[in-house]
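Sending over a structure as structure tokens; questions will come in a sec.
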Amino acid sequence: MKKYLIMAIAFFVICQARPQSDIALLNRKVRDFSEKPEKNAHLPYKTIPFQLVKGKILVAAEIDGNKGFLILDTGAPGIVINQKTSKQQAVQAFSVSREMKVHETTIQHMIWGGFEKTSVKAMAIDLSHLEESLQQDILGLIGYEALKDLNLVINFSERQILLSSKKQKNFTDSFIPKYQLSFEIENHLPVVTLEVEGKALRFGIDTGSGGNLIDQKWAEKDLKAYFSKDDTEQIRGLDQQIDLVQSGYLKLQSKKGNFFAEQKFLTLDLTPLRTSTELNIDGVLGYPFFSSYTCHIDFENKRITMW
């Protein structure tokens, strides 16, 4: 059986007249990544500033002596570093709708947000196109394995990430949430079920995505009225191939009947993704979905709280 990595990483709008959107999603077998916090980590929460560039959450980091930024990405299975792939130790990968190759590697020393780790298993992918788009030194992505044992709160208005161990009392319990969503973990990916025009659809939660994505089949059938052939954008995937896709605006509704603000979605055929990886999702929710809120992603209790 082929070993696949699922990568919808970083496809973004080429057309200059429209804002650029990045959709980040990566799936593979998870590895253990038990963080050892620095000496002052007994504090209830550690505050980590971040930069927000084109919907990407950039956290300062250092990997093997190189300083730059990691993209906080719940759509990634673990640590992914920006490095050209090698033919040796190649692993079969899948970039939304195309096969590609990546390779596995080991980080000798890594620091991010006050956490420090040695001998970290990672994947290497060429992310030079992201560096060009964001105009920043991108060291890679930090995903599920590095986050699953932490309390993660993203405050978009203050440009801050709050981190603590699960043992610490969750201060978010004192807030009255505007929305609260339960999710499943499919492979490593948080997946929520929301209604769109009466249809219950499954969306992957991806903080590394600068835009929202929905399966093309819905834009061609049940949601056809919301997508026009005249509303198209060019997107480029991790494999750096360019596709022309439709865009439209949809309203989402939670199981409790709460409506979210109308948001823009890009369409793409996710059939190859489901067929090759058995990841059963109808789309991806990224930065536009979360940007107006402070969000607590609770991996232990499989819950997202937004207020």
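Condition first: open to solvent by 10 Å² or more (accessible area, probe 1.4 Å), out of contact with any Leu (no Cβ under 8 Å at 6 or more places or on another chain) and either closer than 15 Å to residue 61 by Cβ or not basic (Lys, Arg) (or both). Now tell me which residues in region 133-152 satisfy that.
133, 135, 137, 145, 149
Which members of region 189-228 meet the condition of being crowded, with 21+ Cβ neighbours inside 10 Å, in a loop (DSSP other than H, G, I, E, B) and not small (Gly, Ala, Ser)?
Those that are crowded, with 21+ Cβ neighbours inside 10 Å, in a loop (DSSP other than H, G, I, E, B) and not small (Gly, Ala, Ser): 206, 207.
For region 267-285, enumerate the residues that are open to solvent by 20 Å² or more (accessible area, probe 1.4 Å) and among the polar types (S, T, N, Q).
Selection gives 271, 275, 276, 277, 280.
What tally of residues in region 272-287 results from selecting those that are in contact with a Ser or Thr (Cβ under 8 Å, 6 or more places away or on another chain), outside any loop (DSSP other than H, G, I, E, B) and closer than 14 Å to residue 207 by Cα?
Residues meeting the conditions: 3.
Then there's this: Can you name the condition, by its number, that residue 156 falls short on among (1) touching a strand residue (DSSP E or B) at 6+ places or on another chain (Cβ under 6 Å); (2) surrounded by fewer than 18 Cβ atoms within 10 Å (Cβ to Cβ)?
Going through (1) touching a strand residue (DSSP E or B) at 6+ places or on another chain (Cβ under 6 Å); (2) surrounded by fewer than 18 Cβ atoms within 10 Å (Cβ to Cβ) one by one, residue 156 breaks only (1).
Further question: Give region 103-132 a look and list any residue that's loosely packed, with under 14 Cβ neighbours inside 10 Å, polar (S, T, N, Q) and in contact (Cβ under 8 Å) with a residue 12 or more places away in the chain, or say none.
106, 108, 119, 128 - these are the residues of region 103-132 that are loosely packed, with under 14 Cβ neighbours inside 10 Å, polar (S, T, N, Q) and in contact (Cβ under 8 Å) with a residue 12 or more places away in the chain.
Rundown of residues vs (1) free of Cβ contacts under 8 Å to residues at least 60 places away in the same chain; (2) within 18 Å of residue 183 (Cβ to Cβ); (3) open to solvent by less than 10 Å² (accessible area, probe 1.4 Å); (4) among the hydrophobic types (A, V, I, L, M, F, W, C), yes/no style:
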site	(1), (2), (3), (4)
252	yes, yes, yes, yes
255	no, yes, no, no
261	yes, no, no, yes
265	yes, no, yes, yes
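So, one more: I'd like to check something: does region 227-235 contain any residue that is among the polar types (S, T, N, Q) and within 25 Å of residue 56 (Cβ to Cβ)?
Yes - at least one qualifying residue is present in region 227-235.
The values are calculated or read from the model by the stated rules, or taken from the named source; none is laboratory data. Since the structure is predicted, the reported quantities are computational estimates derived from the model, not experimental observations. Positions of Cβ are backbone-derived with ideal geometry, glycine not excepted, and every protein chain shown enters the neighbour counts. Ligands, DNA and RNA are excluded from the accessible area calculation, which covers all protein heavy atoms including side chains. Shrake-Rupley method; radii C 1.70, N 1.55, O 1.52, S 1.80 Å.
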